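Everything below concerns the one structure shown next.
The values are calculated or read from the model by the stated rules, or taken from the named source; none is laboratory data. Only a predicted model underlies this, so the values are computations on that prediction, with no experimental measurement involved. Cβ placement follows ideal geometry from the backbone for every residue including glycine, while neighbour counts extend to all protein chains displayed. Quick note on the areas: whole protein, heavy atoms, side chains included, nothing else; ligands and nucleic acids left out. Shrake-Rupley method; radii C 1.70, N 1.55, O 1.52, S 1.80 Å.
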Amino acid sequence: MFQEQGVKPYFASEPGIGRAAGEWIGAKGLAGVGADNFAVECHPPDGGGGIGPVHRRVIRDFGCYLMEMLDLDALAADRVHEFMFVAAPLAITGGIGSPINPLAIC
């Protein structure tokens with residue numbers, strides 16, 4: 001579908017975590033959350049509020065990393081449910097985001 005229609009339908013909506021899940025993440029003190037979509041949070045955001053309310057709350061207020069576009073297909077196909085996750089970001093002085101090299105060590 002996206003090859004014929006372009007990227008607009010792809011970026012129009014997607015499932016993901018909402019505000020309640022963001023609050024749960026903060027309450028649990030999670031260090032990071034990853035997903036295989038482009039925003040981790042749902043789009044458009046639940047309850048409105050513009051783009052990225054979960055990003056702002058989770059990253060800014062809770063210090064939790066959000067990792068987008070993780071390729072989880074191989075882990076799911078192999079039924080891998082537990083592993084050590086290592087994410088090595090680039091050392092960018094003053095940076096607020098970075099590509100990572102994610103590793104799942106089984």
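When the chain is modelled as a GNM with alpha-carbon springs shorter than 10 Å, which of G94, G34, G50 fluctuates the most?
G94
In a Gaussian network model over the chain where Cα atoms closer than 10 Å are linked, find which of P89, P44, P53 has the largest mean-square fluctuation.
Comparing P89, P44, P53 in a Gaussian network model of the chain, the most mobile one is P89.
Would you tally the net charge around G34, using a Cβ to Cβ cut-off of less than 12 Å, leaving G34 out, and scoring K and R as +1, D and E as -1?
Net of charged neighbours comes to -3.
Accessible area per residue of the chain at 1.4 Å probe, in Å²?
Working: 7590 Å² over 106 residues.
Per-residue value: 72 Å².
Using only the alpha-carbon atoms, what does segment 14-74 span along each of its principal axes? Please give whole angstrom values in decreasing order.
Reported extents, whole Å, longest axis first: 32, 25, 15.
If you take the C-alpha gyration tensor of segment 64-106, multiply each eigenvalue by 5 and take the square root, what semi-axes do you get, largest first, in whole Å? Write down the numbers at each step before the final one.
Numbers: eigenvalues 120, 21, 13 Å².
For segment 64-106, the ellipsoid semi-axes come out as 25, 10, 8 Å.
Counting only C-alpha contacts under 8 Å and six or more residues apart, can you give the relative contact order of the chain as a whole percent?
Working: 126 pairs, mean separation 24.0, N = 106.
Reported as a whole number, the value is 23 percent.
For the chain, which whole percent of the accessible surface, found with a 1.4 angstrom probe, sits on carbon and sulfur atoms? Each step should come with its number before you reach the end.
On the way: 4560 of 7590 Å².
Reported share for carbon and sulfur atoms: 60 percent.
State the extension gain, in nm to one decimal, for the chain segment bounded by A12 and I59, taking 0.36 nm per residue of separation less the distance between their alpha-carbons.
Working: separation 47, 0.36 × 47 = 16.92 nm, distance 2.30 nm.
14.6 nm is the gain from fully extending A12 to I59.
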